Structure formats: C-alpha cells, structure tokens
Amino acid sequence: MQWYLKVVRDNYANFSGRARRREYWMFVLFNLIFAIVAMIIDMILGTRFKMGIGAYSTTLPYGWIYLIYMLAVIIPSIAVGVRRLHDLGKSGWMLLIVLIPFIGAVWILVLFLMDGTPGPNAYGPSPKAPAVA
C-alpha cells in the first residue's frame, strides 16, 4: 500500500526520475484492486452505465464511481510508467509504443518486467542504491 500512496500522493505528476519494478507493479496491483472495488460499488449502488435502447440495451459492469476513480489515477499511472522506462534508460516517449496493436503492449510488458539499469543513468541515480548519509 505504501508504494501505491507513494505514486499517488508523493509523485502524482512527477515524470522525472526513476521507478523500481516493485514501485510500478505494486501500484498496478493496488490500482487493479481499487478499480474492481469501484465496479462492485457501482453495481451495488446501481450507478452502472446503460447502453442501447429497448431490447438491445445492455448494462456495463462499471459506472460513475469507476469513471471518476480512473480519471483521478490516469496521470499518476502514466507518470509511474514513464519513470519505470527511465529506470531502464529509455525515454518516457517509449510509452507510446503501446499504440501499436498487440506488439506494442507485449513489448512494454517485457520492458516493465526487466530489471533497471544498475547505478546512475541519464535520468538519475538508481532507486535501489542505498542512500548516502
């Protein structure tokens, strides 16, 4: 939970620096949990979105609470992804590779699973390095 709060509270729109694998994946885990909880609350409260007319209508599994939550975390989600790429020594613009269908998402997943570059790189000191007093 501390990793999620670090991203949301301390680094909300921080696109500089580096993010460890643990910081990124713990943020993803808690973000997924909170998104599912938001969907469940939408189902309980009946605030889910309805699409279509008459017999062709369907109810989506999410509604206003989920939408508001996702809008609130879109910037920190992008920011932690950019910082994760910085940890690998890559530009944050590399995140746009996800726009390539299928291959882009697989490539970003592979990158996010890789260990960061040891020691300092162009984007700052290694987040794994012990703090020098």
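The values are calculated or read from the model by the stated rules, or taken from the named source; none is laboratory data. Small disclaimer: the values here were computed from a predicted structure and weren't measured. FYI the Cβ positions are ideal-geometry reconstructions off the backbone, even for glycines, and counts take in every protein chain you see.
Observations
- Long-range neighbours under 7 Å by Cβ, at least six apart or interchain, first residue more than 14 Å from PRO127 (Cα to Cα) within segment 10-31, second at pLDDT 90 or above and hydroxyl-bearing (Ser, Thr, Tyr): ASN31/SER77
- Residues of segment 44-83 classified as within 24 Å of the chain's Cα centre (by Cα), not in a strand (DSSP E or B) and not charged (D, E, K, R), total: 19
- Selection within segment 76-112 - in contact with a Lys or Arg (Cβ under 6 Å, 6 or more places away or on another chain) and of a type in the set (Lys, Arg): ARG83
- Residue within segment 90-112 that is assigned to a loop (DSSP other than H, G, I, E, B) and touching a strand residue (DSSP E or B) at 6+ places or on another chain (Cβ under 6 Å) present: no
- Take the conditions (1) in a helix (DSSP H, G or I); (2) of a type in the set (A, V, I, L, M); (3) within 22 Å of TRP3 (Cβ to Cβ); (4) at pLDDT below 95; ALA19 misses just one of them, which is (1).
- Number of residues in segment 1-25 that are under 20 Å from LEU71 (Cα atoms) and crowded, with 18+ Cβ neighbours inside 10 Å: the value is 6.
- Candidates LEU32, LEU113, LEU45, filtered to the one that is surrounded by fewer than 17 Cβ atoms within 10 Å (Cβ to Cβ), touching a helix residue (DSSP H, G or I) at 6+ places or on another chain (Cβ under 9 Å), under 23 Å from MET1 (Cβ atoms) and of a type in the set (A, V, I, L, M): LEU113
- Test: residue in segment 54-72 that is β-branched (Val, Ile, Thr), crowded, with 16+ Cβ neighbours inside 10 Å and either out of contact with any strand residue (DSSP E or B) (no Cβ under 8 Å at 6 or more places or on another chain) or at pLDDT 90 or above (or both): yes
Residue-wise test of (1) free of Cβ contacts under 8 Å to residues at least 24 places away in the same chain; (2) in contact with an Asp or Glu (Cβ under 8 Å, 6 or more places away or on another chain); (3) within 30 Å of ASP42 (Cα to Cα).
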residue	(1), (2), (3)
TRP64	yes, yes, yes
ILE74	yes, no, yes
VAL82	no, no, no
LEU85	no, no, no
GLY89	no, no, no
LEU95	yes, no, no
LEU109	yes, no, yes
PHE112	no, no, no
PRO127	no, yes, no
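- Extreme residue, farthest from the chain's Cα centre (by Cα), among residues of segment 113-124 that are under 23 Å from VAL8 (Cβ atoms) and part of a loop (DSSP other than H, G, I, E, B): TYR123
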